[in-house]
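Student: Below: one structure in structure tokens.
The numbers here are math on the coordinates, done by the rules we state, and not lab data. What you see is a predicted model, and the numbers here were worked out from it, not measured in a lab. Glycine also receives a Cβ, built like all others from the backbone with ideal geometry; neighbour counts cover every protein chain displayed.
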Amino acid sequence: MQNGQDHMEESERYCRKCELAKQYGGGLEEYLLRYLAQLTPEEQAEDVTYARRLACCGKCTWYGEHMCRACGCYVQLRAAVKGQNCPYEKWEQEGETHDTRSGNIL
């Protein structure tokens, strides 16, 4: 019975990507693009910062399928917003500084 319990726990694990896909009728990519398009210039990270963040995340062992498997955020969304940070301080290791008061997870 132990295997049955392990299987049940595994199948009931929360999947943020799956939940958002259900919520947006499979149009998750469209939702992400729409979110990014709605950011005001004041909210947007500079292009060079955005590119540096994405490159850093792309090299990270926690990165997979556009998500950070460590914190659960969508990398493209977090990286696009000014004042965001990597909760594991990997962006800081690449020379970026941030306001530690803003740690919203997208």
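Student: Enumerate the calculated ³J(HN,Hα) couplings along the stretch 35-41 in order (Karplus 6.51 cos²θ - 1.76 cosθ + 1.60, θ = phi - 60°), each rounded to whole Hz, writing x wherever the residue is Gly or Pro.
Tutor: In residue order, the calculated couplings are 4, 4, 5, 8, 5, 6, x Hz.
Student: Assuming R0 = 30 Å, can you tell me the calculated FRET efficiency for the pair GLU19 and CYS60, based on Cβ-Cβ distance, to the nearest 0.05?
Tutor: For GLU19 and CYS60, the calculated efficiency is 0.85.
Student: Considering amide H positions built from the backbone, and no H for Pro or chain starts, which residues 5 or more places from TYR63, or on another chain, come under 5 Å of its amide H?
Tutor: Under 5 Å from the amide H of TYR63: ARG69.
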